[in-house]
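The values are calculated or read from the model by the stated rules, or taken from the named source; none is laboratory data. Predicted model only: the values in this text are computed from it and were never measured. Note that we place each Cβ from the backbone using ideal geometry, even for glycine, and neighbour counts take in every protein chain shown.
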Amino acid sequence: MSLPDPANPTVFLVGAGPGNPGLLTLRAAEVLARADLILYDQLVPPRILDLANPAAEKVCVRDLPGQHPDKYPHIHQILIEKGRAGKTVVRLKGGDPLVFGRGGEEAEALRSAGVGYEIVPGVTAALAAGAFLEIPLTHRNYASAVAFVTGHELPNKTGNLLDWKALAVFPGTLCIYMGVARLPVIVAELLKHGKDPDTPAAIVERASTGDQRAVQTRLADLEDARRNAGLEAPGLIIIGDPVAHRPPHSWWEARPLFGRRVLVTRPAHQAGEMVRKLEHLGAVVYRMPAVEVREPADFGPVDLALDQIRRAEWDWVVFTSANGVHALLRRLDALGRDLRALGGVKLAAIGPKTADALREYRLRADVVPDATFSSEGLVAALRPHVGGTRVLLARANRGRDLLRDELGRVAAVEQVTVYDQVDSVAPGAGVLDHLRRGEIRYITLPSSRIAQNLLGAFDETIRDRVIRGEVQLVAISPETGKAVREMGYPVAAEAIEFTADGLIEAVVKLARRDAG
Ligand code: SAH
């Protein structure tokens, strides 16, 4: 056994924060990205795991043998064993690992075993609730202290008794974790020991996410308010005068897509930015990649095209997607060549994202349409430039032939398949269940292909919901809208700008209309 190296811990006790991925610390993201094993608590939101090393083994403690407290020796054992084996192990917990997270016990077990570790703090639920509900946990006029309290201990439990008398006279804000299921007992204890029944109080569920829900009232009425609003555990109880100073809608609850459920269907590797933008607007985002991008079945034609480009046999290379740019440039690199092999060829991009992809390689598009980011727009923009020239279209294995046909009238045009698009809607996909149950309001459709693929997987129940307008289809362009209508479905909105941002804008408009 090699000696543990304290400067190079292999086990990380990491706080995942309260649920909003943006609240993860940089250090947490760093160690997640290089973890070999991630052992996570059930309350850790799945979105956080997206940020992990894709090759990491991910184990939820729920799936370990044993019932709740019996799992702990088992968890310690795994941390010690894997730590000793030199694996990078991330023990991921909701909020902060040392606030009602048993992180202390795990650290102790590692210390006794001589396994190096590091503790990465996280934003604890109380702090997230404060920020996302706009309740100042301390306030110069109303609260000089904050207490983090567990509501999990029964008052009649011997030994670890919470001092309700002290809590009732505590000169500040009480943040009670794990207390929702025992709310009546908690309120009764506080009132019994002299807490003012009119003390402002709130409960919040899933603070910091698009699912955040809260109620606020006087302490004596908190259980009734909770029941009427249908709030359930887990939730955080906040008691104290600052609660009364919360605005009716916090900055977060006022976001245009707050609480709206939106489906993103872009391929997994391209969905990230759109998902983040929607989440920043307050949405609850579901994902189901309806197509995947793969290497072309045959690189022969791509290699030939790259050779021809190098020999200046093409005047233009036209890209109709960022995927196409990356595919061609990656292949160039794989062949051991570099940008010089593109020589003086001119480049065209269908829209700003495709042009951005070129910029990543320090290449500038010579032509990008001004406003209409579609094949039609690209034809209009290119036609004046390409008369009598040789034009190569770098494209997917399938797609429209409009560019070839239209540009073919004025230029010598050929197409080369630089990547393959593969349908990827699994009939058993969990997202279809959410759609069936009416839990998703907006479906974003970024291409005709994705639309056909996804709608093709709908059953009667989902279909009926779409026809009744309960589920709304948002198309990136008139072209995609047409594909949707041809399949017999209504289109709730079409983007004005044919980009992911345009799609998001269309969803925001629909949500405003929904809100009336
Ligand atoms: N270590 C965690 C707490 C774990 S105990 C932390 O620092 O936040 C679990 C309790 O935390 C839940 O019962 C609930 O009271 C609270 N909690 C965790 N995340 C929450 C959230 N997003 N919104 C409201 N309460 C939350």
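For the reader, a short list of remarks on this structure follows.
- Filtered residues of segment 43-93 (kept if within 16 Å of the ligand (Cβ to nearest atom) and either modelled with pLDDT of 95 or more or in contact with a Gly (Cβ under 7 Å, 6 or more places away or on another chain) (or both)): LEU43, VAL44, PRO45, VAL90, ARG91, LEU92, LYS93
- Conditions (1) within 29 Å of the chain's Cα centre (by Cα); (2) closer than 30 Å to PHE319 by Cα; (3) without any contact (Cβ under 8 Å) to a residue 60 or more places away in the chain; number of the one not met by ASP401: (1)
- Residues satisfying the stated conditions in segment 226-238, i.e. within 14 Å of the ligand (Cβ to nearest atom) and either modelled with pLDDT under 95 or not in a helix (DSSP H, G or I) (or both): LEU231, GLU232, ALA233, PRO234, GLY235, LEU236, ILE237, ILE238
- Residue within segment 404-415 that is free of Cβ contacts under 8 Å to residues at least 12 places away in the same chain, on the phi < 0 side of the Ramachandran plot, outside the structural domain of ALA511 (by TED's automatic domain parsing) and in contact with a Leu (Cβ under 7 Å, 6 or more places away or on another chain) present: yes
- In summary, no strands (runs of 3 or more DSSP E) completely within segment 1-106 bear 3 or more residues that are of a type in the set (D, E, K, R), buried (at least 16 other Cβ atoms within 10 Å of the Cβ) and in the same structural domain as GLU273 (by TED's automatic domain parsing).
- Residues satisfying the criterion are present in segment 113-124 (criterion: crowded, with 17+ Cβ neighbours inside 10 Å, within 30 Å of ILE238 (Cβ to Cβ), of a type in the set (Ser, Thr, Tyr) and within 12 Å of the ligand (Cβ to nearest atom)).
- Output for segment 211-225, where each listed residue is more than 13 Å from the ligand (Cβ to nearest atom) and not in a strand (DSSP E or B): LEU219, ALA220, ASP221, LEU222, GLU223, ASP224, ALA225
- Residue satisfying all of: in segment 110-122; touching a residue at least 60 places away in the same chain (Cβ under 8 Å) and of a type in the set (A, V, I, L, M, F, W, C); farthest from TYR177 (Cα to Cα) among these: VAL115
- From the options ILE135, ILE203, residue that is within 16 Å of the ligand (Cβ to nearest atom), assigned to a loop (DSSP other than H, G, I, E, B), aliphatic (A, V, I, L, M) and within 30 Å of PRO21 (Cβ to Cβ): ILE135
- Count - residues of segment 75-109 that are touching a residue at least 12 places away in the same chain (Cβ under 8 Å) and under 29 Å from GLY151 (Cβ atoms): 21
- Selection from segment 496-516 of residues that are of a type in the set (A, V, I, L, M, F, W, C) and either at positive phi or not in a helix (DSSP H, G or I) (or both): ILE496, PHE498
- Those residues of segment 33-42 which are at pLDDT 95 or above and in contact with a strand residue (DSSP E or B) (Cβ under 6 Å, 6 or more places away or on another chain), in sequence order: ALA35, LEU37, ILE38, LEU39, TYR40
- Inclusion of SER208 among residues that are in the same structural domain as ALA188 (by TED's automatic domain parsing) and within 16 Å of the ligand (Cβ to nearest atom) is warranted.
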